[in-house]
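Since the structure comes first, as structure tokens, the remarks are kept for the end.
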Amino acid sequence: MRRYLYFLAIGLMFSCLQNESNKAVVATDIDQLVSDMTLEEKVHMLHGSGKFTSAGVERLGVPALTSTDGPLGVREEIQNDSWAAAGWDNDFATFFPAGGGLSATWNLELAEKYGVAIGEEARARNKHVLLAPAVNLIRSPLGGRNFEYFTEDPFLNKQLVVPYVVGMQEQDVASCVKHYAINNQETLRGSIDVLADERTIREMYLPVFKAAVKDGGAYSVMSAYNQFRGAYLSENDYMLNTILRDEWGFDGFVMSDWGAVHSTVESAKYGLDIEMGTEIDDYSKWYFSDALIEAVKNGEVEESVVDEKVKNILRVMVKINALDTTNRKSGSINTPEHLQVAYDVAKESIVLLKNENDILPLQSAEIKSIAVIGDNAKRKHANQGFGAGVKTKTEVTPYDALASKYPNVTLNYAHGYAENYLPNDLNRNWGQPIDYTADPELVKEAVEAAKKSDVAIVFAGSNRLVETEAEDRKGLTLPFAQVELIKAVKAANPKTVVVMIAGAPYDVSEIDAEVDGLVWSWFNGSRAGDAIADVLFGEVNPSGKLPVTFPKQLEDSPAHATNSFPGGPDVVTYEEGILVGYRWFDTKNVEPFYPFGYGLSYTSFGYEGIQAEVADGLVTVSFTLTNTGSTDGKETVQVYFGKSESAVDRAAKELKGFTKVALKAGESKTVTVEVPVSELAYYDVESSDWQVESGTYQILVGASSRDIRGETSVSID
Ligand code: BGC
């Protein structure tokens, strides 16, 4: 009976939740539920009771909280108490393009569709929480998790996160936005103390989390492994209490990263709600288990602190219809619609880096044979490496796609380069030292394939053993001596195109100098191969733009120029401050190899009549964009702001607006980008607040951060 009453009350709560003025009702009912729980019941809701679950209170109708990894898609089911596969035969999921791919689309509608689709999949697997998106700012090209993250730019980052989180949470799944915060390297991630000044964290590293919470309404946040200013993120009063809860008004729960908790009392007081992944088999020995009960009993932690944590969880459960499940969405998984989303994202994420002598798009009518060369032509990227992957039924490789789309074309396959790793710790299947020598036999085979084909396509790049959680890369050099292979193939067939498949910058200078056609794809999901084939043959006009800067050499990148990556053994100081990514290159006049925002198209775009005006707290930038070529296409126009006279140090320019515009061949459109004046604020450490300086702001509109097509300025009072 009691259980029934709760459901009734909670059903009521749901309808009340739609109505702001009734929030008090919700609070009362959750209060009641908590007051009916014993201390033990409450505390056991605050720690893992399995690899991806924490306990509920069955007698009161509170289910165990279930979570699953993203961000590449819903992770395969594992056993409750071990990382071994559960052995289900119905835990297949769609492999969605990794973060780098999504951000390279610069398409917010796709970000929302992505969120909806991945949310539906998590619901269909009956999860409450999806551990995604992963949004830490890309500080160094070597970051092991760059492939999962979005970008080096805080504005692009926060624009993408909001529709993603909203779309996901509409499916009755809580997004757990990770990893909060200032977690930008894998080296020593479990211990390193990050030091970054206040303006830097406010302007660069926190905006994405703030937007996820304040604008996206994220229901949960994952506390990161590292320390920040001397305290672990799972017990960081400043980050969890002061900023997240007090300043941003976050009322969901903070879940620790797996094994990121180091204390009972501090974690309890300083803002952690749920402890996950502690490496102790006996759950009662975890920090937030018997030790927390003890701490409450002996007065070190107030019981009200425990109550608040339980309420944080229950509030989310109400919002995702997990208590009264009558109206709960049921989700769907592995659907054709989700594969379509994966394809749509992949096709808009592919970046055309070089296209000379009209080598691309390939003309299918003229091509009878293709040398398909390289391990990445057939490699699947849904799994491997340390960390979460996806068990998927569908992963179309480039080879598969070419074979099925062009059945009359002969494909001469050659492996090209062996994925060789030097012997290391054989228990690990990730982060192995890489072999940089070419295998002469494989090169010979590739050359023969190239010679007898109309065109050669080398599928090069990296893979998920090279780019992996828990380890940063050692340098920018491409593994497996691929440059040598590409040179040999090009010598054998001048019509050679290279497709890079990777999630982070590499040194591609020699390849760029060698071949006429260079295309960049990512760990791009279940239909990656289809998207690549469609770009190569012009079924899709490429429209991806780089969300990160490619340096000419590692030392040109800010964290490396300042010799502050990865730091250690105890501390890393972010010496470059606010000059992350292109902000550094532009301000210090360092020429990048490929600039932030760069990407070509099979057509060309003209920008004319750029003007701007300020009214009602908005800067409205407008101009005419024309597709000046003969192919339909999409252009991402980018609006950067600069302020040469300023009371504070500023980057030469900062992205403040963008929009992706589709234009038919020859078509013109008036494009308008609105930038709230508040976006121009810098974080003032004196007043601990955002300040918009008055004066003149330069506005630069372009096709990349280094391809500015027009300038104007506005004056702000
Ligand atoms: C990762 C998280 C992940 C968790 C659970 C950790 O190693 O940092 O991103 O969600 O494991 O798999």
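Values for this structure:
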read-out: Count - residues of region 437-466 that are touching a Leu at 6+ places or on another chain (Cβ under 8 Å) and without any contact (Cβ under 8 Å) to a residue 60 or more places away in the chain; value: 4
read-out: Matching option when the condition is of a type in the set (Phe, Trp, Tyr), in a loop (DSSP other than H, G, I, E, B), within 16 Å of the ligand (Cβ to nearest atom) and touching a residue at least 24 places away in the same chain (Cβ under 8 Å), among PHE92, PHE96; value: PHE96
read-out: Complete set of residues in region 459-477 that are more than 14 Å from the ligand (Cβ to nearest atom), small (Gly, Ala, Ser) and more than 29 Å from LEU411 (Cα to Cα); value: GLY475
read-out: Matching residues, region 157-191, being surrounded by fewer than 24 Cβ atoms within 10 Å (Cβ to Cβ) and of a type in the set (A, V, I, L, M, F, W, C); value: VAL162, VAL166, LEU188
read-out: Residue among VAL301, VAL305 that is crowded, with 18+ Cβ neighbours inside 10 Å and closer than 13 Å to LEU46 by Cβ; value: VAL301
read-out: Residue within region 56-64 that is more than 19 Å from ASN157 (Cα to Cα), modelled with pLDDT of 95 or more and within 14 Å of the ligand (Cβ to nearest atom) present; value: no
read-out: Qualifying residue in region 400-418 (condition: in a loop (DSSP other than H, G, I, E, B), at pLDDT below 95 and of a type in the set (A, V, I, L, M, F, W, C)); value: yes
read-out: Unique match (being away from the ligand (no atom under 16 Å from the Cβ), among the hydroxyl-bearing types (Ser, Thr, Tyr) and either free of Cβ contacts under 8 Å to residues at least 24 places away in the same chain or surrounded by fewer than 24 Cβ atoms within 10 Å (Cβ to Cβ) (or both)) among THR200, THR151; value: THR200
read-out: Pairs, first in contact (Cβ under 8 Å) with a residue 60 or more places away in the chain in region 211-235, second basic (Lys, Arg) and more than 15 Å from the ligand (Cβ to nearest atom), C-beta under 9 Å, six or more apart; value: ALA212/LYS158; TYR219/ARG315; TYR219/LYS319
read-out: Yes/no for ILE532 being under 30 Å from PRO336 (Cβ atoms), in contact with a strand residue (DSSP E or B) (Cβ under 7 Å, 6 or more places away or on another chain) and either basic (Lys, Arg) or in contact (Cβ under 8 Å) with a residue 12 or more places away in the chain (or both); value: yes
read-out: Residue in region 78-93 that is within 20 Å of the chain's Cα centre (by Cα), crowded, with 18+ Cβ neighbours inside 10 Å and either aliphatic (A, V, I, L, M) or closer than 19 Å to ASN146 by Cα (or both) present; value: yes
read-out: Of all residues in region 367-382 being surrounded by 17 or more Cβ atoms within 10 Å (Cβ to Cβ) and in a loop (DSSP other than H, G, I, E, B), the one that is nearest to the ligand (Cβ to nearest atom); value: ALA382
read-out: Residues of region 203-241 satisfying the condition of being over 25 Å from TRP690 (Cα atoms) and away from the ligand (no atom under 16 Å from the Cβ); value: GLY230, ALA231, GLU235
read-out: Helices (runs of 4 or more DSSP H) lying entirely in region 468-544 (those with 3 or more residues that are surrounded by fewer than 24 Cβ atoms within 10 Å (Cβ to Cβ)); value: 482-492, 509-514
read-out: Residue match in region 123-138 (condition: under 15 Å from the mean Cα position of the chain (by Cα) and either farther than 29 Å from MET317 by Cβ or surrounded by fewer than 24 Cβ atoms within 10 Å (Cβ to Cβ) (or both)); value: yes
read-out: Residue match in region 279-291 (condition: under 31 Å from the mean Cα position of the chain (by Cα), charged (D, E, K, R) and more than 30 Å from ALA93 (Cα to Cα)); value: no
read-out: Inter-residue pairs, beta-carbon under 9 Å, first farther than 27 Å from TYR114 by Cα and in region 57-86, second within 14 Å of the ligand (Cβ to nearest atom) and of a type in the set (Phe, Trp, Tyr), 6+ apart; value: ASN80/PHE52
read-out: The one condition in (1) at pLDDT 95 or above; (2) touching a Pro at 6+ places or on another chain (Cβ under 9 Å) that ALA491 fails to fulfil; value: (2)
read-out: Tally of residues being outside any strand (DSSP E or B), small (Gly, Ala, Ser), within 16 Å of the ligand (Cβ to nearest atom) and touching a Pro at 6+ places or on another chain (Cβ under 8 Å) across region 101-140; value: 1
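To keep it simple, each residue is scored yes or no on (1) within 30 Å of the chain's Cα centre (by Cα); (2) in contact (Cβ under 8 Å) with a residue 60 or more places away in the chain; (3) within 15 Å of the ligand (Cβ to nearest atom); (4) assigned to a helix (DSSP H, G or I).
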residue	(1), (2), (3), (4)
ILE243	yes, no, no, yes
ASP251	yes, yes, no, no
GLY259	yes, yes, yes, no
SER263	yes, no, no, no
GLY271	yes, no, no, no
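The values are calculated or read from the model by the stated rules, or taken from the named source; none is laboratory data. Predicted, not measured: the structure shown is a model, and the values here were computed from it. Because the Cβ atoms are built from the backbone with ideal geometry, glycine has one as well, and the counts that use them run over all protein chains shown.
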